[in-house]
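Peer 1: Sharing a structure with you now.
Quick note: the coordinates plus some simple rules give every number you see, no bench work behind them. If you're wondering where the values come from, they're calculated on a predicted model, not measured in any experiment. FYI the Cβ positions are ideal-geometry reconstructions off the backbone, even for glycines, and counts take in every protein chain you see.
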Amino acid sequence: MHYVSTRGQSPAQSFSQILLGGLAPDGGLYLPAEYPKISGAELDAWRKLSYADLAFEVLKKFATDIPEADLKALTHKTYTPDVYRNARVGEDAAQITPLCTLEEKNGSKLMLQALSNGPTLAFKDMAMQLLGNLFEYTLARQGAELNIFGATSGDTGSAAEYAMRGKKGIRVFMLSPHKKMSAFQTAQMFSLQDPNIFNIAVEGVFDDCQDMVKAVSNDLEFKARQKIGTVNSINWARVVAQVVYYIRGYLSATTSNNQKVTFTVPSGNFGNICAGHIARMMGVPIDKLVAATNENDVLDEFFRTGVYRVRKSSETYHTTSPSMDISKASNFERFVYDLLDGDADRVRALFKKVETDGGFDLSGKPGSDGNEFEKVARYGFQSGKSVHDDRVATIRDVQEKHGVTIDTHTADGVKVAREYLTPGIPMIVLETALPAKFNETIREALGRDAERPAGFENIEALPQRFDVMPANVEKMKAYIAERTGL
Ligand SMILES: *Cc1c(COP(=O)(O)O)cnc(C)c1O
């Protein structure tokens, strides 16, 4: 199995070669040259597997340059009930991503798949925990080290730190805007005492943090000498790890491979739902993939009209489902590549146009860039949008009717999923975070605090370890160099 860039101008690479990197050198995203297929018989045989064994079966189709015994050890080390321990009362932690039925009427079933039982209470742990183990394994094999440098406004940074803490050969330098994250999120990150984790609170806003990451990454000499890498959502291994829970969800909701299911996915950067698309391309009987967005509706606009239009920062809203507050969908290029039947020259032209003109139009109307929008339905995509009042009403409604507290992102999913229920086809909403992370809105909706999983009761009172720094690139470089000794 080898990997090619969506823009067609980078050399083909193996799984291990793209594991530690981000964008392809030509600015594109890596994809397998061909999607491996899963047969109906194979799917049925997988029904009885544990999550770790299922992850192994899926990963070995993609990570063909890692010995199978090693891969199996890595998935078994990652997907344990001890790592994914924050299951709710009534959920079976051993299932890793337990599925429950919320409501059933007129032959339609609305289900919730819990993806946020990992250490940071968000779905990003599903892939990031595996990535931490894969990185450590690969670096040890190569006798190499890696310094992860990134910026976060919340979920990604903490998932990365909890995945990389204590890992040999890896340091994490994570920027966050000083005093701008919630007390819970700040405590989650800053209470880590591991010597390989460095939290840097930047005197500025999130954009200042991101600008510093860009400036440091653009200094190629510094980047190479300091062995700087990233773990953002375009990382291919993250996408593959996410394919596993779509298959698990499918198997848990069905009894034979001639049944179909639909997934609704609270979406921002298109990383999560991209994995659903890949599962479907591999042959998993997924009927529809519904992208649910918040007020930042870049994806909803595309799936309604065929127009992809990135937003300026002034048009990007700060919402109460903040992990979906995006101005562009960084994984979307992978789907566009498939939509254009792998025509890398056109993909390259379209995404160059995004840089110059802010978007492209595949609606087929006069003057548009193509007519592929008419093909989108064949890939099963649908979409919808949910705003703050919808979230609050949905959290309240699900609590009243079912006694389950859902978080704000999952609420966006449930709101949109209810618009697409189809008799006979289970609708699975992916639960992307636990409500304790977004307590303010839970209070607004329910008039009380969200329940906190065991061990998180007093997290704000733990000692915190972080450095405050001005938004100064030279100071940042000196800080890194001093700690790596490189
Ligand atoms: C990251 C995140 C999302 C969005 O996922 P994408 O892969 O960016 O589409 C949704 N909900 C939560 C809680 C998240 O952390």
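Peer 1: Over all directions, what mean area does the Cα convex hull of region 135-197 project, stated in square nanometres?
Peer 2: Computing the convex hull of the Cα atoms and averaging its projections yields 4.0 nm².
Peer 1: Could you work out the local net charge near Gly22, counting Lys and Arg as +1, Asp and Glu as -1, over the other residues with Cβ closer than 15 Å to its Cβ?
Peer 2: Summing Lys/Arg as +1 and Asp/Glu as -1 gives +4.
Peer 1: Go through Lys179/Lys415; Lys180/Lys312; Lys60/Lys109; Lys61/Lys223 and tell me which ones have a Cα-Cα distance over 25 Å in this structure.
Peer 2: Check vs 25 Å cut-off fails for Lys179/Lys415; Lys60/Lys109; Lys61/Lys223.
Peer 1: Mind checking Rg over Rh on the chain, alpha carbons, Kirkwood formula for Rh?
Peer 2: In the chain, Rg relative to Rh is 0.94.
Peer 1: Let me ask you something else. Mind ordering 478-486, 60-68 by average Cβ neighbours within 10 Å, highest first?
Peer 2: Highest mean packing first, the order is 60-68, 478-486.
Peer 1: What is the diffusion coefficient of region 201-302 in µm²/s, taking the Kirkwood radius over Cα pairs and the Stokes-Einstein relation at 20 °C with a viscosity of 1.002 mPa s?
Peer 2: 131
Peer 1: If you don't mind, another one. How large is the Rg to Rh ratio of region 400-486 when both quantities use alpha carbon positions and Rh follows Kirkwood?
Peer 2: Answer for region 400-486: 1.21.
Peer 1: Once you have the Cα-Cα distance between Ser182 and Asn258, take 0.36 nm times their residue separation minus that, and quote the gain in nm to one decimal.
Peer 2: Value of the extension gain: 22.8 nm.
Peer 1: Could the peptides 291-298, 225-232, 88-95 be put in order, highest first, of the mean number of other beta-carbon atoms found within 10 Å of their residues?
Peer 2: 291-298, 225-232, 88-95
Peer 1: Please report, in debye to the nearest 20, how large the charge dipole of region 1-68 is about its Cα centre when each Lys and Arg carries +1 at its beta carbon and each Asp and Glu carries -1 there.
Peer 2: 120
Peer 1: With 10 Å bins from zero, work out the P(r) of region 306-419 over every alpha carbon pair and list the percent per bin.
Peer 2: Reading the bins upward from 0: 12, 34, 29, 19, 6, 0.
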